[in-house]
Amino acid sequence: MSSGHDHDHSHAPANFNRAFAIGIVLNIVFVAIEGFYGWRVNSLALLADAGHNLSDVAGLVLAWGGALAGRLRPDARHTYGWQRASILAAFANALLLLVAMGALAWEAMGRLLSSEVSLQEQGVTIMVVAGIGIVINTATALLFMRGRESDLNIRGAFLHMAADALVSAGVVVAGALTLWMGWTWLDPVVSLAIAAVIFWGTWDLFKQSLHMLFDGVPRHIDLLAVRDCLAALPGVARVHDLHVWAMGTSQVALTAQLVMPQGQADDAFLADATRQMHDRFEITHVTLQVMKVPFTPPCSDF
């Protein structure tokens, strides 16, 4: 029996410490501004967006904590390190947003059903404050743009900030129409639209992070294609016990048994198999067990 094992830790995700710090500070300042003026003019859209931005501050803190934990070195008790903390952070971030949007939708419905009208001629304040939000949220989103494709945790931070910029733009439109037409009902309607947009964008993140928490195969990997690639290696008759899972939001691991009746694999064979897994499927940790005759039953057959 021989094995090939690739634990190249040079694939660590980029460092976003500065981006997280700047994003958190900018959003805390904006939450204070938006919350104050939302309370002053009794705008549910501003108060809702302030609450959402506050949840985003918590989300950024969670994402930053997950990224930092993922960089902790493995030890005898945690041989993979703490990389899964980034998945947990993405999941918690998504869950936090879904709960916040549920509360927002409930409050907006209550406001729509009430006869209270209190936003007349407050459109300018709403527009100015939300306009500041467009600038801050766009700037924060740009800080995470380069990591959105390679790391689910960073993608969550980017999507939330980008969605916030769009939401703030919607609040500006609501403020303009409230000022121009006197449509005070538009404020809770925009709040419901905010909730719907963010729910739509967050649901996919929630599903992906939950899937990865239960060792699901990452979305970008076709497991049947991985099996076929391994089975096509010279001398391989069958692939047993193939498992692919995410160790973190940017690291994927694979283990498999290769049945090779004609003999054992050498280092060149194992190196080539490892390279193909990396280049074709972005799998960074590969462990292969080679045998002439299977001596354990396969865990699955697909």
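Can you tell me which residue within segment 232-255, out of those that are open to solvent by 40 Å² or more (accessible area, probe 1.4 Å) and among the aliphatic types (A, V, I, L, M), is nearest to ARG280 (Cα to Cα)? Checking each candidate, the answer is ALA232. Entry remark, segment 203-222: residues being open to solvent by less than 60 Å² (accessible area, probe 1.4 Å), without any contact (Cβ under 8 Å) to a residue 60 or more places away in the chain and more than 22 Å from LEU97 (Cα to Cα) number 3 in total.
Within segment 50-99, being closer than 30 Å to VAL135 by Cβ and of a type in the set (S, T, N, Q) holds for ASN53, SER55, SER86, ASN93. The residue pairs whose first member lies in segment 266-285 and is farther than 15 Å from ARG227 by Cα, whose second member is open to solvent by 90 Å² or more (accessible area, probe 1.4 Å), and whose beta carbons are closer than 8 Å, counting only pairs six or more residues apart or on different chains, are PHE269/PRO234.
Within segment 48-90, the set of residues being among the aliphatic types (A, V, I, L, M) and either surrounded by fewer than 23 Cβ atoms within 10 Å (Cβ to Cβ) or free of Cβ contacts under 8 Å to residues at least 60 places away in the same chain (or both) comprises ALA50, LEU54, VAL57, ALA58, VAL61, LEU62, LEU68, ALA69, LEU72, ALA76, ALA85, LEU88.
Among residues of segment 144-168 being part of a helix (DSSP H, G or I) and open to solvent by 40 Å² or more (accessible area, probe 1.4 Å), the one that is modelled with the lowest pLDDT is ARG146. You will find that of LEU213, LEU258, LEU254, the residue that is at pLDDT below 90, closer than 28 Å to GLY81 by Cβ and of a type in the set (A, V, I, L, M) is LEU213 and no other.
Looking only at residues in segment 129-143 that are touching a residue at least 60 places away in the same chain (Cβ under 8 Å) and farther than 12 Å from MET161 by Cβ, the one that is surrounded by the fewest Cβ atoms within 10 Å (Cβ to Cβ) is ILE132. Only one of the listed residues (ALA195, ALA176) is open to solvent by less than 30 Å² (accessible area, probe 1.4 Å), assigned to a helix (DSSP H, G or I) and among the hydrophobic types (A, V, I, L, M, F, W, C). That residue is ALA195.
The values are calculated or read from the model by the stated rules, or taken from the named source; none is laboratory data. Note that this is a predicted model, so its numbers are computed, not measured. Note: ideal-geometry Cβ built from the backbone for every residue, glycine included; neighbour counts use all protein chains shown. Each accessible area value is taken on the protein alone, full model and side chains, heavy atoms only, with ligands, DNA and RNA left out. Shrake-Rupley method; radii C 1.70, N 1.55, O 1.52, S 1.80 Å.
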